[in-house]
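Let me begin by presenting the structure, written as structure tokens, before commenting on it.
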Amino acid sequence: MRAHAKMNRQGRIVIPAECRAAAGLQPGDDLIVEATGEGELRLRTREQAVRKAQEIVAPYLQKGHDLVQEFIDERRAEAARE
């Protein structure tokens, strides 16, 4: 997908509708902007970034292993020791 946009003096651009649709972006989305190379930016919603991080970590997790519960248990044990 390619489209043309122009940056104004305040550094703002309007993302063309077809590009927003292709990227799954909605009005009001909180976007993460990441410089990926010279003149290149990556825009993602927080949800998209979290989903990508989960995909990266998933192959290293044991089935049935709950990292969140493990973290909570560790913090509770730590608090009990204090």
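What follows draws every value from the coordinates through simple rules; no lab data is involved. These figures come from a predicted structure and were not determined experimentally. When we count neighbours, we look across all protein chains shown, and the Cβ atoms used for this are built from the backbone with ideal geometry, even at glycine.
Within segment 1-54, report the trypsin sites (Lys or Arg not before Pro) that DSSP leaves as loop and that have at most 10 other Cβ atoms within 10 Å.
Arg2, Lys6, Arg9, Arg12
What label, among [x] 1.13; [y] 0.97; [z] 1.18, belongs to Rg/Rh (Cα atoms, Kirkwood Rh) computed from the structure on display?
Structure-derived value, by its label: [z].
Give me a comma-separated list of calculated 3J(HN,Hα) values for segment 7-12, in order, Karplus coefficients 6.51, -1.76, 1.60 applied at θ = phi - 60°, integers in Hz, x for any Gly or Pro.
With coefficients 6.51, -1.76 and 1.60, one gets 8, 8, 5, 7, x, 9 Hz.
To the nearest 0.05, what FRET efficiency results for Glu70 and Val50 with a Förster distance of 22 Å applied to their C-beta separation? Before the final figure, lay out each step's value.
Values: r = 18 Å, r/R0 = 0.84.
The formula returns an efficiency of 0.75 here.
Using θ = phi - 60° and the Karplus form 6.51 cos²θ - 1.76 cosθ + 1.60, what ³J(HN,Hα) does each residue of segment 13-25 get, whole Hz, x for Gly and Pro?
My calculation for segment 13-25 gives 10, 9, 7, x, 3, 5, 6, 4, 5, 5, 8, x, 8 Hz in order.
I want to check the label-to-label distance for Thr36 and Ala3. Put each point 7 Å from Cα in the C-beta direction and report it in nm to one decimal.
Roughly 1.7 nm, to one decimal.
If I take every Cα pair under 8 Å that is 6 or more residues apart in segment 1-51, average their sequence separation and divide by the length, what percent do I get for the relative contact order?
Values: 38 pairs, mean separation 11.3, N = 51.
Relative CO of segment 1-51 lands at 22 percent.
Do any GluC sites (Glu not before Pro) in segment 17-78 lie in a DSSP loop with no more than 12 other beta carbon atoms within 10 Å, and if so, which? The partial results should precede the final answer.
Working: sites: Glu18, Glu34, Glu38, Glu40, Glu47, Glu55, Glu70, Glu74, Glu78; in loops: Glu38.
Answer by residue number: Glu38.
Label Ile15 and Tyr60 with points 7 Å out from Cα along Cα→Cβ: what is the distance between them in nm?
With each label point 7 Å from Cα toward Cβ, the separation is 2.8 nm.
Using the Karplus curve 6.51 cos²θ - 1.76 cosθ + 1.60 with θ = phi - 60°, work out ³J(HN,Hα) for each residue of segment 44-49 in order, rounded to whole Hz, and write x for Gly and Pro.
3J(HN,Hα) across segment 44-49, in whole Hz: 9, 6, 4, 4, 5, 5.
Less than 15 Å Cβ to Cβ from Ala5, Lys/Arg counted +1 and Asp/Glu -1: what total charge do the surrounding residues give?
Charge balance in the 15 Å sphere: +3.
Using helices alone, I'd like the mean residue ellipticity at 222 nm for the chain: each DSSP H run of four-plus residues gives -39500 (n - 2.57), total over residue count, nearest 500.
Numbers: 3 runs with 34 residues, N = 82.
Calculated mean residue ellipticity at 222 nm is -12500 deg cm²/dmol.
To the nearest 10 degrees, how steeply does helix 67-81 sit against the main Cα axis of the chain, on a 0 to 90 scale?
Taking Cα atoms only, the helix is inclined about 50 degrees.
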